[in-house]
Amino acid sequence: MDLVPMPASRLRTDVVADGGAPCDRLSRLEWVASLLRTAPSGQEGGGCLLWVDQHGSVRMRVLERPLTLGRDPICDLVLPLPGVAQRHCRIARSQTGARIRDLGSSSGTWLNGQRVDAADRPLCDGDVIELGGVPIAFVA
């Protein structure tokens with residue numbers, strides 16, 4: 001996948017330019033809404049991930065089954081970036097909704113500006129996940 005990393009200086013801050021995901025909730029939701037306006041249509045399911053590729057196009061991945069995100073080519077969503085672990089995190093649906101878990105990455109998985117640990121954390125509509133500086137929006 002062609003993903004656009006955000007410089008470390010822009011992670012978890014309120015001031016963002018060039019397509020990055022901001023930290024404050026209102027700005028995050030506006031960022032997610034802007035992705036939705038340009039997202040591919042016709043996708044349905046129990047949630048999806050949205051991000052901006054290196055060409056500025058919005059990409060979408062429907063959460064039809066558990067997804068492992070990481071640098072390893074066997075991952076469901078491959079992020080070939082230096083700040084991303086081989087197997088960085090896992091996102092899966094449960095009876096109560098989608099959940100995310102860090103798989104022991106050294107740089108961390110970030111959810112709305114807060115580090116995610118090895119325990120499952122619930123995902124809500126409009127949440128922003130960051131791996132290796134790449135903002136990924138979750139839409140329920």
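Some observations on this one:
- Hey, Asp125 within 14 Å of Gly47 (Cβ to Cβ), assigned to a loop (DSSP other than H, G, I, E, B) and either over 10 Å from the mean Cα position of the chain (by Cα) or at pLDDT below 90 (or both) or not: yes
- Residue in the stretch 17-28 that is over 17 Å from Leu123 (Cα atoms), open to solvent by 60 Å² or more (accessible area, probe 1.4 Å) and at pLDDT below 60 present: yes
- Hey, Leu35 at pLDDT 70 or above, of a type outside the set (Gly, Ala, Ser) and open to solvent by less than 60 Å² (accessible area, probe 1.4 Å) or not: no
- Residue check, Val116 in contact with a Phe, Trp or Tyr (Cβ under 8 Å, 6 or more places away or on another chain) and either more than 24 Å from Val58 (Cβ to Cβ) or open to solvent by less than 60 Å² (accessible area, probe 1.4 Å) (or both): yes
- Within the stretch 60-106, considering residues that are among the β-branched types (Val, Ile, Thr) and more than 15 Å from the chain's Cα centre (by Cα), the one modelled with the lowest pLDDT: Thr96
- You will find that of Arg87, Arg59, the residue that is among the basic types (Lys, Arg) and part of a loop (DSSP other than H, G, I, E, B) is Arg87 and no other.
- Considering residues of the stretch 78-92 that are of a type in the set (A, V, I, L, M) and under 14 Å from Phe138 (Cα atoms) only, the residue most open to solvent (accessible area, probe 1.4 Å): Ala92
- Any hit, the stretch 5-13, residues being assigned to a strand (DSSP E or B) and either modelled with pLDDT of 50 or more or open to solvent by less than 50 Å² (accessible area, probe 1.4 Å) (or both): no
The values are calculated or read from the model by the stated rules, or taken from the named source; none is laboratory data. Because the structure is a prediction, the values reported are computed rather than measured. Note that we place each Cβ from the backbone using ideal geometry, even for glycine, and neighbour counts take in every protein chain shown. What goes into the accessible areas is simple: the full protein's heavy atoms, side chains included, and nothing from ligands, DNA or RNA. Shrake-Rupley method; radii C 1.70, N 1.55, O 1.52, S 1.80 Å.
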